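Below is one structure, written out as structure tokens, with a few remarks after it.
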Amino acid sequence: LEPIAYGNTRANVSGRNAFGRFLLQGELGLRKLDYEDGLLFGGAGVADQDFRDYIRYETMGRADYAISPDTAVFARLRLNERTYDQRPPEVAVLRDSSGYTVDVGADFDISGIARGQVGLGYTSQAYDDPSLPDISGASIDGQLEWFPTQLTTITFQASRDVDEAPLAGSGGFFRTSAGARIDHELRRNIILSSG
């Protein structure tokens, strides 16, 4: 009858250290998703969503090398571990998995014109249950902000990564997204946006 509501709890800690032209960054994160049950049409009962509750542990390491004051290239490794609350025999398959994404890219700032970050690489997610196929392929993570005038910002973003399927017997799928947004400042406190 209504969209499924869920709680999304996040916690992370990160650190960075710069020396010379190098910048090293690291991050540890935790994300817990807790889905609420939904009501079916026509009083047909409740759609139990407990099988979707899981915790995701994430680790990220990144090394940047500054080519110039405004441009750096980077290599990044992200690891994740996904652990579901319900396990067989409560559910048909164990949806726990572990995965990684490795990518390289650039972080740049062209003063007054554009700034952004683009990473291209490879991602893989392996499921504990042998009946669920592993998922692997190309990954992208990028955002570009262009400033055609001092009052207008146009933002482009794109990403491709493995996400969890909302079906009990499925593992995951590739989620690919792209978007554009325009922000124009009419006055200091009035911004028109469209995306």
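The values are calculated or read from the model by the stated rules, or taken from the named source; none is laboratory data. Quick caveat, the model's predicted, so the values are computed rather than measured. We place every Cβ from the backbone using ideal geometry, glycine too, and count neighbours over all the protein chains shown. Accessible surface is based on the protein model in full, side chains and every heavy atom, while ligands, DNA and RNA are left aside. Shrake-Rupley method; radii C 1.70, N 1.55, O 1.52, S 1.80 Å.
Observations on the model:
- Taken per residue, the accessible surface of the chain reaches 62 Å², heavy atoms only and a 1.4 Å probe.
- Listed values [x] 10.1; [y] 14.6; [z] 12.5, entry calculated as mean projected area of the Cα convex hull in nm²: [y]
- Relative to one another, the C-alpha centroids of the range 1-79 and the range 83-152 are positioned 9 Å apart.
- Placing dummy labels 7 Å off each Cα toward the beta-carbon, the span from residue 189 to residue 21 is 4.8 nm.
- Note, ³J(HN,Hα) from phi for the range 146-153, Karplus 6.51, -1.76, 1.60, rounded to Hz, x at Gly and Pro: 10, 10, x, 9, 5, 9, 10, 10
- Note on the range 28-94: with charges restricted to the Cβ of Lys and Arg (+1) and Asp and Glu (-1), its dipole about the Cα centre is near 380 debye.
- About its Cα centre, the chain has a charge dipole of approximately 760 debye under the convention of +1 per Lys or Arg Cβ and -1 per Asp or Glu Cβ, with nothing else charged.
- Distant-in-sequence amide contacts of residue 134, defined by a placed amide H-H separation under 5 Å and a gap of 5 or more residues or a different chain, comprise 127.
- Each Lys and Arg contributes +1 and each Asp and Glu -1, all at the Cβ; summed about the Cα centre of the range 124-168, the dipole is approximately 320 debye.
- Spin-label pair residue 111/residue 59, simplified geometry with 7 Å Cα→Cβ offset, distance in nm: 4.1
- Multiplying the residue separation of residue 151 and residue 34 by 0.36 nm and subtracting their alpha-carbon distance yields 38.0 nm.
- Placed amide H near residue 49: partners under 5 Å, 5+ positions off or other chain: 37, 38
- In Hz, Karplus ³J(HN,Hα) per residue of the range 121-136 (6.51, -1.76, 1.60; θ = phi - 60°; x = Gly, Pro): x, 9, 10, 8, 10, 10, 9, 5, 7, x, 7, 9, x, 5, 10, 8
- Sequentially through the range 156-167, phi angles give Karplus couplings (6.51, -1.76, 1.60; θ = phi - 60°) of 10, 9, 8, 8, 8, 7, 7, 10, 7, 6, x, 10 Hz, Gly and Pro residues having no value and appearing as x.
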